[in-house]
Amino acid sequence: MRPISAFAFLAVLSVAALPAGALAGKYAYGFDDNERDRLGWAIVSGDNTSMSDMSDLDSMGKLKSEFGREFVYIRLGSDRYVIRDRSLMQRAQDAMRPMQEAGREIGRVARAHAERALEGSQDARERAKLARRIAKLSGKIAQRESRGESTEDLERDRERIQDQLDDREDDSRDERASRREEREQEARDQDASERMEKAARRLNQEMRDILRDAKSRHLAKPVD
């Protein structure tokens, strides 16, 4: 499977890195900004807060108490601004949506891979256990036969366990037959990762454009 990009990985997993109590309704999308001025942003909408990174997490409580629960926060270099214009907020939310959708797809594929790997390892252990039981019974049967004793009960047990192993082998063949589906999942994962990266670049640029438009219309309020 193609490795998930560093950005996509952060987008999916960064929620788990938030401090306890800061999890509900907060999502972080960490990515590198290669331009000279570092960009950071947060979109606050009711109980939901989506952020570019954790740098401004400590500021959110104060900003919410001052500006309410509906605003866009943008940090560019050392300058920080709050924007409350509805149309500009909608632009920010629309620009973020493709990245959220790609992140959810990556999460679905990752869970499917994890479940398949777990099922495969459990099945392999069960097949190995059954094979060992068959080998042990075969040894006992050979010993009895060497002494001229009846082996019917052991043979019945061996046949029963062999049937179980055969059923497991059938399941294993079904699993091998599903590898095409797994390859399709990997293709979806790659596509989602690429969409995530493209959406992140577009979102980054859109946030810069939103800030520029807000400043030109005197809708960006500087904050300390």
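What follows draws every value from the coordinates through simple rules; no lab data is involved. Treat the numbers as computed from the prediction; the structure is a model and nothing was measured.
How much length is gained if the chain between D157 and A124 is pulled fully straight, taking 0.36 nm per residue apart and subtracting their Cα-Cα distance, in nm to one decimal? List each step's numbers first, then the result.
Details: separation 33, 0.36 × 33 = 11.88 nm, distance 2.11 nm.
Length gained between D157 and A124: 9.8 nm.
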> Tell me, what ³J(HN,Hα) does each residue in segment 146-162 have, in order and in whole Hz, if you take phi through Karplus 6.51 cos²θ - 1.76 cosθ + 1.60 with θ = phi - 60° and put x for Gly and Pro?
Replying inline: 5, 9, x, 9, 5, 10, 4, 5, 5, 5, 5, 4, 5, 5, 5, 5, 4
>> Can you list residues from other chains, or at least 5 along the same chain, whose modelled amide H is less than 5 Å from the amide H of D53?
In response: Y29, W41
>> Spelling out what I want: for every residue of segment 79-93, take phi, set θ = phi - 60°, compute 6.51 cos²θ - 1.76 cosθ + 1.60 (Karplus), and round to whole Hz; glycine and proline get x.
In response: 8, 10, 9, 10, 10, 10, 5, 4, 5, 6, 4, 5, 4, 5, 5
> Tell me which lysines have Cα within less than 23 Å of K140's Cα, excluding those fewer than 8 residues away on the same chain?
Replying inline: K129
>> Give me the extension gain from R201 to K221: residue separation times 0.36 nm, minus the current Cα-Cα distance, reported in nm with one decimal.
In response: 4.7 nm
>> Please list 3J(HN,Hα) in residue order for segment 96-111, calculated via the Karplus relation 6.51 cos²θ - 1.76 cosθ + 1.60 where θ = phi - 60°; whole Hz, with x for glycine and proline.
In response: 7, 4, x, 6, 5, 5, 5, x, 5, 5, 4, x, 5, 5, 4, 5
> If the cut-off is a Cα-Cα distance under 28 Å, which lysines reach K221, setting aside same-chain residues fewer than 8 apart in sequence?
Replying inline: K26, K62, K64
>> Just to be sure I follow: if Rg is taken over the C-alpha atoms of segment 46-155 and Rh is the Kirkwood radius over the same atoms, what is Rg/Rh?
In response: 1.56
